[in-house]
Every structure is written in structure tokens, then in C-alpha cells.
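Notes for the one structure printed next.
The values are calculated or read from the model by the stated rules, or taken from the named source; none is laboratory data. All figures in this text were calculated on a predicted structure; none of them were measured in a lab. Virtual Cβ from ideal backbone geometry, glycine too; neighbours counted across all protein chains shown.
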Amino acid sequence: MTIDIDVEERAAQAEAYFRSGYNCAQAIYMTFADLYGLDPKMASIISAPLGGGMGRLREVCGACSGMFLVAGLQFPADEPSKKGDSYKLVQELAEEFQAENGSIICRELLGLDYKKDCPIAEARTETYYKKRPCAKIVYKAAIIVGKKIQTLNKLNEN
């Protein structure tokens, strides 16, 4: 499958989704799901539990989880024997994300010293966006996965 995308435009869309109230995982998955025939609303539903480091447990960053869901669309493992390509892509995405951000763990990215957070997210105000790097992280994650999609498509064309 050849997919031609404007990575910067997709990254801006991911950040816009996040700033409009979607969580980090939703913002990434919704941004790329249409490339694989998945409706953005369904993508939102599927990825919602992964925000805040998986249900605000502050574990794997939701932006990473969103990228990993995109990896599943890029390399669908509809049979047990097909997981290898998807796993390889997940590992590559995680490595790039960690190199860019210093960690793939939500609480580390946010500088938190606790794991579990209140399940009710705080209001998205200007103060929230000033103290949290999430919008910037979502943007960077979209760049990482977008560039990876482009690279894979160029390899497939040859």
C-alpha cells in the first residue's frame, strides 16, 4: 500500500486534536487512521483507554501507544505468524521516541513521582498547556510515525 502524506500537516492535526480535548493516544491514532480506511470516530473509541499512560496510570506514554496502534495498521497481524513486522516497527518507533524525548514513560516525561493518577483529567486550560509538554510530545510523535510511514512506503515502491 502506498501512502503519500504531508508529515508536518499530520503533526499539526495531531496537536490540534490534543488541544481540542482528545487524549494523547487518540490524537495520534485519529490523525493516521484514515490512511488505512479506519474512521476517525472509531479510532477515537479504540485508543481512548490508552491516554495518560494507559488510563492515567502514567505508564507508556499515550502518544507512543497511538504510534503503536498505527504500526498495527501498517503491518496488520491478522494471523499469529504475522506479528514480527509490527513488533519490529513498534520497537523502532519506541527507540526514536525515547531518543527524542528521553523516555517512553508518561510519568517520567511529565516529571511525576507517582504512578497512578486520578481517573478524571484536569481541565484543559492555558495553565495546563504551559505546565505539560504533552501537546509538543504529541506533535513530535506524529512526526516520528509520519516519517516512518513515508520511509516504509518508499521501500515498498522499490
> If you check every pair at least six apart or on different chains, which have Cβ atoms under 6 Å apart with a residue in region 55-66 that is in contact (Cβ under 8 Å) with a residue 24 or more places away in the chain first and a residue that is in a loop (DSSP other than H, G, I, E, B) and of a type in the set (Asp, Glu) second?
Replying inline: ARG56/ASP117; ARG58/ASP117
>> Consider region 67-99. How many of its residues are farther than 24 Å from LEU110 by Cβ, assigned to a helix (DSSP H, G or I) and without any contact (Cβ under 8 Å) to a residue 24 or more places away in the chain?
In response: 10
>> I'm checking my understanding of the structure. Among residues of region 100-131 that are more than 14 Å from ILE144 (Cβ to Cβ) and acidic (Asp, Glu), which one is surrounded by the most Cβ atoms within 10 Å (Cβ to Cβ)?
In response: ASP117
> When GLY53 is evaluated against the numbered criteria (1) on the phi > 0 side of the Ramachandran plot; (2) of a type outside the set (D, E, K, R); (3) surrounded by fewer than 21 Cβ atoms within 10 Å (Cβ to Cβ); (4) modelled with pLDDT of 95 or more, which criterion, by number, is the only one it fails?
Replying inline: (3)
> Restricting the search to region 79-99, which residues are surrounded by 12 or more Cβ atoms within 10 Å (Cβ to Cβ) and among the polar types (S, T, N, Q)?
Replying inline: SER86, GLN91, GLN98
